[in-house]
1. Please specify each residue of segment 226-244 satisfying the condition of being under 12 Å from residue 35 (Cα atoms) and aromatic (Phe, Trp, Tyr).
2. If residue 240 satisfies every condition in (1) within 28 Å of residue 283 (Cα to Cα); (2) of a type outside the set (Val, Ile, Thr); (3) part of a helix (DSSP H, G or I) but one, which is the exception?
3. Name the residue that is surrounded by the most Cβ atoms within 10 Å (Cβ to Cβ), counting only residues in segment 1-27 that are of a type outside the set (A, V, I, L, M) and in contact with an Asp or Glu (Cβ under 9 Å, 6 or more places away or on another chain).
4. Could you give me the residue pairs with C-beta distances under 8 Å whose first residue belongs to segment 269-285 and is within 10 Å of residue 235 (Cα to Cα), whose second residue is modelled with pLDDT under 80 and surrounded by fewer than 16 Cβ atoms within 10 Å (Cβ to Cβ) wherever it lies, and which are 6+ apart or on separate chains?
5. Given the condition charged (D, E, K, R), surrounded by fewer than 19 Cβ atoms within 10 Å (Cβ to Cβ) and over 28 Å from residue 257 (Cβ atoms), answer yes or no: does some residue in segment 137-154 qualify?
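The values are calculated or read from the model by the stated rules, or taken from the named source; none is laboratory data. Here the structure is a predicted model, which is why all the values come from computation and not from measurement. We place every Cβ from the backbone using ideal geometry, glycine too, and count neighbours over all the protein chains shown.
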Amino acid sequence: MEIIVEVVINGILMGSIYGLTALGLTLIFGVMKIINFAHGTYLMVAMYLVYGIVTFTGIDPYLTLIFVVPISFMLGYFSQVIFITPVLKAERDVREPIGVLLLTAGLWIFVNNFFLMLFGANFRSLATAYSGTTYELGNMMISRPLFYAFITSILTTVLLFIFLKKTRSGRAIRAVGQDREAASLMGINIYKIYNIAFGIGIAALGVAGVIIIPLFYLHPFAGDVFDIRAFVIVVLGGLGSVPGALLGGIIIGVIESVAGQYLTMTWATALIYIIFLFMLFLRPQGIFGFEKES
């Protein structure tokens, strides 16, 4: 019994990381109604940024948050301004612009291969003072890095939820997500909101990069695995739902962890996609999603 409890706890902890990586994706979709195929690429860039700062300064990866989050925000903000906004303006009458999907897919391929050219295919790791350490709860062993990642993921989700609910900018983001035409008529600059929303989405990936780097190997395609997970989580939790992203991530993490005890990892992964397909059939809007905009 303790083994199952330990597996479920570790699944929840790992799932919180998955949920954090999906936060930015669900926010960007909720506002702009586009899927960012370069989502995993931005995560990989954030991980390299963390690795570079830690290697150069020797500080703890979590302290790099003060650098990585604002840099990630600016990267997202200006990516939106330079690359995405011109395409959105050209397709302003299209609800789900196909041009943006192709653009983000192109960014994904280009940046991944550019980093491959710069840094090579070698796997890198970042050891910390708490790497490999655990908390003991009776006979159960809980990874400290995973626990720290869980706390960070929860705090980030709560802060983003409060920002969207309580601040003027957050309410403007939600208004644009609900009805961009009405928001524009009320004096909201929708393209500025797009820039801010995309910047916040990539900043959330910056946080994810910080908590992932002590746990996983770094290489130019490191973000792709989380990218695929993020798409599944966003559909499962509900497109545009911040709480849904976290809950969806935890569900996927628990399924992956428990199934991994009784099945091969290949079958555990297949089970995740089977559940994903069932969700598309039974409730395509996701757990916290809506069938149509209000």
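1. Residue satisfying the conditions is 231 alone.
2. (3)
3. Going through the qualifying residues, I end up with 21.
4. Between residues of segment 269-285 that are within 10 Å of residue 235 (Cα to Cα) and residues that are modelled with pLDDT under 80 and surrounded by fewer than 16 Cβ atoms within 10 Å (Cβ to Cβ), the close pairs are 285/291.
5. We begin by selecting, within segment 137-154, every residue charged (D, E, K, R); these are 144.
Right, trim to surrounded by fewer than 19 Cβ atoms within 10 Å (Cβ to Cβ) and you get 144.
When the remaining residues are screened for being over 28 Å from residue 257 (Cβ atoms), the result is none.
Within segment 137-154, none of the residues are charged (D, E, K, R), surrounded by fewer than 19 Cβ atoms within 10 Å (Cβ to Cβ) and over 28 Å from residue 257 (Cβ atoms).
Residue-wise test of (1) more than 17 Å from residue 14 (Cβ to Cβ); (2) surrounded by 24 or more Cβ atoms within 10 Å (Cβ to Cβ); (3) at pLDDT below 90.
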{"residue": "192", "(1), (2), (3)": "yes, no, no"}
{"residue": "209", "(1), (2), (3)": "no, yes, no"}
{"residue": "263", "(1), (2), (3)": "no, no, yes"}
{"residue": "270", "(1), (2), (3)": "yes, no, yes"}
{"residue": "277", "(1), (2), (3)": "yes, no, yes"}
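A quick yes/no check of all residues on (1) among the β-branched types (Val, Ile, Thr); (2) over 23 Å from residue 87 (Cβ atoms); (3) touching a Lys or Arg at 6+ places or on another chain (Cβ under 6 Å):
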| residue | (1), (2), (3) |
| --- | --- |
| 176 | yes, no, no |
| 181 | no, no, no |
| 194 | no, no, no |
| 197 | no, no, no |
| 200 | yes, no, no |
| 209 | no, yes, no |
| 226 | no, yes, no |
| 251 | yes, yes, no |
